[in-house]
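Down below is the structure, laid out as structure tokens.
The values are calculated or read from the model by the stated rules, or taken from the named source; none is laboratory data. Model, not experiment: these values are computed from the prediction. All Cβ positions, even for glycine, are placed from backbone atoms using ideal geometry, and neighbour counts span all protein chains on display. Ligands, DNA and RNA are stripped out before the accessible areas are found, and what is left, the full protein with its side chains, is counted by its heavy atoms. Shrake-Rupley method; radii C 1.70, N 1.55, O 1.52, S 1.80 Å.
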Amino acid sequence: MYNFDEIIERRGTHSLKWDVKENELPMWVADMDFRTAPEIIDALNKRASHGIFGYSTVPDEWYDAYIDWWRSRHNLSIEREQLIFCAGVVPAISSAVRKLTTPAEKVLIQTPVYNIFYNSILNNGRQVTENPLKYQNGEYSVDFADLERKLSDPQTTLMILCNPHNPAGKIWDRDTLAKIGGLCKRYNVTVISDEIHCDLTDPDKGYIPFSSVSEECRDNSVTCISPTKAFNLAGIQTAAVMVPNPNLRHKMWRALNTDEVAEPNAFAVTASVAAFTKGGEWLDELREYIFENKRFAAEFIKKEIPKLTLASSDATYLLWIDCSRMLGMADEAAELIRSETGLFLSAGSTYGTGGGDFLRMNIACPKEMLADGLNRLKVGINEYEKYVLERC
């Protein structure tokens, strides 16, 4: 029903992703090259046609849209008072770091992980403590011995969980989440669960909300949720935090209001309500399309670039490409691939410990564009290995 094969020109639209040289193909930052659902565009057009864009409130429909979506899609019951509007997941995380910790305290992250977590921690005068994930046979898992050791440090007061995980595409299972929740409760470490990728699971997969796992998880967590990643609405700046614990919720409410990120722009509510009430069919077709892109990319890499492998992934539209069997270094390869072929990927070292052997590739694009990117990747890897051999 929806046309995800259409190639849409994004140059000249002030796009962060596409503000690159004419010959370059950007497959780095995590936004999609698909138009959002027509139902959302219609709702935004209707709102725009009104022509007055004054200060906005958060109406009942916004709360209802979130509550109904999480109940029907993710089997999670949310009460109205548990939701707080915010201008984005990253602003919410940064506000949480400022409010729930004090300067020089430690915030734990599980690396390799979304690089902006580092910014939210370091820019606010806190320390990063890493719990590197274990990687074996293409699968990631939690090193619980290391996790407990880091959480037991009295200076560690906050953990940022990525669920599903970016860049690995890992959907954390219930037992893993329960263990994390139990340890954090034991050592008085509050959990911020970034669940922005939760609606971008493979068609036959679902995710488990952290707060649904146990009372310990529920009462000791702030969950960050948003339609922006799944519906390609990042520029609208709309999200929510869900906080069941009333004391913790009050702190987050104060944090978001103090930082002035708790009020919607003129389109934030309209976009969210339309996405969650009218965008389900579009999203399901999108997930199928991305899944087919994943399969196509996996087959291409296995056949044409066998030195590279893909980490196992059940969520997101990001390929986490293992380059450990390739000659040279992934960071250096990313630079040469871009200069020689125009393909712009993210270097894995950006995501912290454990990312140095990887490249991240965004495949949320029409198949024609994906095929172009994969062919450029093949040429770029071959050119890079020749370059490495010439230096030996």
Members of segment 354-392 that are open to solvent by 10 Å² or more (accessible area, probe 1.4 Å) and polar (S, T, N, Q): N375, N382
Got a sec? Which strands (runs of 3 or more DSSP E) wholly within segment 53-166 have at least 2 residues that are of a type outside the set (A, V, I, L, M)? 83-86, 127-130, 134-136, 139-141, 156-162
Out of (1) more than 22 Å from the chain's Cα centre (by Cα); (2) not in a loop (DSSP other than H, G, I, E, B), the one G328 does not meet is (2)
Within segment 298-322, considering residues that are part of a helix (DSSP H, G or I) and touching a residue at least 24 places away in the same chain (Cβ under 8 Å), the one farthest from A168 (Cα to Cα): E304
Any chance segment 293-301 includes a residue that's closer than 22 Å to F53 by Cα, under 20 Å from the mean Cα position of the chain (by Cα) and open to solvent by 10 Å² or more (accessible area, probe 1.4 Å)? no
Taking only pairs six or more apart or across chains, which ones have beta-carbon atoms under 9 Å, a first residue in segment 43-62 that is within 14 Å of T238 (Cα to Cα), and a second residue that is open to solvent by 40 Å² or more (accessible area, probe 1.4 Å) and in a loop (DSSP other than H, G, I, E, B)? L44/F267; S56/E263; S56/N265; S56/F267; T57/E263; V58/E263
Pairs, please: C-beta under 7 Å, at least 6 apart or cross-chain, first residue closer than 16 Å to V128 by Cβ and in segment 145-156, second among the hydroxyl-bearing types (S, T, Y)? K150/T129; K150/T156; L151/Y187; T156/T129
Take L256 and decide whether it is over 21 Å from F4 (Cα atoms), open to solvent by less than 10 Å² (accessible area, probe 1.4 Å) and among the aliphatic types (A, V, I, L, M). yes
Run A65 past the list (1) touching a residue at least 12 places away in the same chain (Cβ under 8 Å); (2) out of contact with any helix residue (DSSP H, G or I) (no Cβ under 9 Å at 6 or more places or on another chain); (3) among the small types (G, A, S) and report the number of the one that doesn't hold. (2)
Inspect segment 57-68 for any residue being modelled with pLDDT of 95 or more and under 30 Å from Y118 (Cα atoms) and give the result as yes or no. yes
Single unsatisfied condition, V261 versus (1) part of a helix (DSSP H, G or I); (2) open to solvent by 10 Å² or more (accessible area, probe 1.4 Å): (1)
Here's a check for you: in segment 236-253, which residue that is in contact (Cβ under 8 Å) with a residue 40 or more places away in the chain and open to solvent by 90 Å² or more (accessible area, probe 1.4 Å) is nearest to S272 (Cα to Cα)? Q237
So, in segment 342-392, exactly how many residues are within 22 Å of T201 (Cβ to Cβ), aliphatic (A, V, I, L, M) and part of a loop (DSSP other than H, G, I, E, B)? 2
Exactly one of C224, C217, C198 is open to solvent by less than 30 Å² (accessible area, probe 1.4 Å) and touching an Asp or Glu at 6+ places or on another chain (Cβ under 9 Å), and that residue is C224
Segment 42-65 - residue that is surrounded by 12 or more Cβ atoms within 10 Å (Cβ to Cβ) and hydroxyl-bearing (S, T, Y) and, of those, nearest to the chain's Cα centre (by Cα): Y63
Subset of segment 1-31 that is among the hydrophobic types (A, V, I, L, M, F, W, C) and in contact with a helix residue (DSSP H, G or I) (Cβ under 8 Å, 6 or more places away or on another chain) - its residue that is most open to solvent (accessible area, probe 1.4 Å): M1
Here the residues within segment 323-341 that are farther than 20 Å from A311 by Cβ, among the charged types (D, E, K, R) and either in contact (Cβ under 8 Å) with a residue 24 or more places away in the chain or open to solvent by less than 70 Å² (accessible area, probe 1.4 Å) (or both) are E332, R338, E340
One residue is enough: does segment 188-204 have a residue meeting the conditions in a loop (DSSP other than H, G, I, E, B), under 21 Å from the mean Cα position of the chain (by Cα), of a type in the set (A, V, I, L, M) and within 20 Å of A240 (Cβ to Cβ)? yes
